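Since the structure comes first, as structure tokens, the remarks are kept for the end.
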Amino acid sequence: MTEHKIGIIMNGVTGRMGTNQHLIRSIKAIREQGGVLLKNEDTLIPDPILVGRNEKKLKALADAHGIERYSTDLEAALADDYNEIYFDSQTTVRRAESIKKAIAAGKHIYCEKPTATNLEGSVELARLAREAGVKNGVVQDKLFLPGLLKLKRLIDAGFFGEILSVRMEFGYWVFEGDWQKGQRPSWNYRKEDGGGIIVDMFAHWRYVIDNLFGNVKSVSCLGATHIPERVDENGERYKATADDAAYGTFELENGIIVQANSSWAVRVNRDDLLTIQVDGTEGSAVAGLRDCKVQHRVNTPKPTWNPDIENPFDFQTQWQEVPTNDVFDNGFKVQWELFLKHVVADEAFPWDLLEGGAKGTQLSDLGLKSWQERRWIDVPDIKL
């Protein structure tokens, strides 16, 4: 058994998601477990170099987590042949240009989404990567959530019969920043900085819907900016120019109807920050981030509408939990392992810059267009 090190440029990991999910819970965790075991029993050890604009933050992050390499010089990191993979979790407006540089340097690409601020930019990245012959992938973290994996198990087992509809509820109250500090960065609420919940979440909904329920045929979307003014990290008031809520409906090629509400201006009265209800002819399920509950046809109650009497049903107790029969690792870490195997051992990784990137950006663009034009928009095939 041979141990192989692979250099990974990690750009933008001083941000919340980059630090917690990608560095600490993925790359650091993989290193601490002894690497990624390949089919030939060799071991792959990721060797990251942290890249960003603030050397002080990079040094503190590297020191805190036992990372030896960090730099503010992206070009130098790209010029080093030891670094085979470029990873990007910067803000959306900075991502595309850095990925282009990495492709030109011959690096394999792994990145967060959205891959660019519009469809044209995302398609260009997919085309450039294909022409350069570099392997590439986009984070699809929600597919690896325990709740969605349980839901996928039900779908594959035919539990639902014919699936009729899907209802997705996502969001929570993001504080305005005046009397309580906001728990999301202020750029999320500025359109000019790549913010907006449609740009953010429709990229997720595309791969969730396509991979679980069917290909999206058309979209209708209404966006809103419910909180018009917020306070940034420096205590300064600013105008919120991006949407903070989106109310979408998607028609799939197989006839399933999907409704998806996304909001940073909603207070949670459900089992989780994300819930997905699937209704079918034989049964229904509600999945959250980790849990999933079901109600089969034979266990479905028979309520009738009568507002003049107390409700005789305790609906919440009439569902059964899907058991946790597997060990679910961190979804970001699992996908990192899959991508590393893809690069080194050519194992499958279907979520490339087209499938996992451009398609998500396309749905965001069409959602914004539907809102602007107040109409249904068909989703065409993407041509590279």
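The values are calculated or read from the model by the stated rules, or taken from the named source; none is laboratory data. As the structure is a computational prediction, the values presented were derived from the model and not from experiment. Counting neighbours? That spans all protein chains shown, and the Cβs are built from the backbone with ideal geometry, glycine included.
The table that follows gives values for the structure above.
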quantity	calculated
Residue count for region 214-246, restricted to those that are among the hydrophobic types (A, V, I, L, M, F, W, C), surrounded by fewer than 19 Cβ atoms within 10 Å (Cβ to Cβ) and out of contact with any Lys or Arg (no Cβ under 7 Å at 6 or more places or on another chain)	3
Residue within region 296-316 that is in a strand (DSSP E or B), of a type outside the set (S, T, N, Q) and at pLDDT 95 or above present	yes
Residue list for region 268-295, restricted to those being part of a loop (DSSP other than H, G, I, E, B) and touching a helix residue (DSSP H, G or I) at 6+ places or on another chain (Cβ under 7 Å)	GLU282, GLY288, LEU289, ARG290, ASP291
Number of positions in region 188-236 that are outside any loop (DSSP other than H, G, I, E, B) and either among the aromatic types (Phe, Trp, Tyr) or more than 30 Å from ILE155 (Cα to Cα) (or both)	13
Tally, over region 155-168, of residues that are surrounded by fewer than 20 Cβ atoms within 10 Å (Cβ to Cβ), touching a residue at least 12 places away in the same chain (Cβ under 8 Å) and not in a loop (DSSP other than H, G, I, E, B)	4
Condition met for ARG31 (closer than 23 Å to HIS342 by Cβ and assigned by TED's automatic domain parsing to the domain that holds GLN335)	yes
Residue match in region 82-94 (condition: free of Cβ contacts under 8 Å to residues at least 60 places away in the same chain, surrounded by 13 or more Cβ atoms within 10 Å (Cβ to Cβ) and of a type outside the set (Lys, Arg))	no
Verdict on GLY367 being surrounded by 16 or more Cβ atoms within 10 Å (Cβ to Cβ), part of a helix (DSSP H, G or I) and in contact with a Cys (Cβ under 8 Å, 6 or more places away or on another chain)	yes
All positions within region 129-154 that are without any contact (Cβ under 8 Å) to a residue 60 or more places away in the chain and among the aliphatic types (A, V, I, L, M)	ALA132, VAL134
Residue list for region 200-256, filter: of a type in the set (Lys, Arg) and either modelled with pLDDT under 95 or more than 18 Å from PRO185 (Cβ to Cβ) (or both)	ARG206, LYS217
Candidate set: region 33-71, residues that are under 21 Å from VAL139 (Cβ atoms) and not in a strand (DSSP E or B); chosen: the one nearest to the chain's Cα centre (by Cα)	GLY52
Residue count for region 175-202, restricted to those that are surrounded by fewer than 19 Cβ atoms within 10 Å (Cβ to Cβ) and among the hydrophobic types (A, V, I, L, M, F, W, C)	3
Selection within region 75-130 - farther than 19 Å from TRP351 by Cα and at pLDDT below 95	GLN90, THR91, VAL93, ARG94
Qualifying residues in region 317-357 (those that are of a type in the set (S, T, N, Q) and assigned to a loop (DSSP other than H, G, I, E, B)) - the one surrounded by the fewest Cβ atoms within 10 Å (Cβ to Cβ)	ASN325
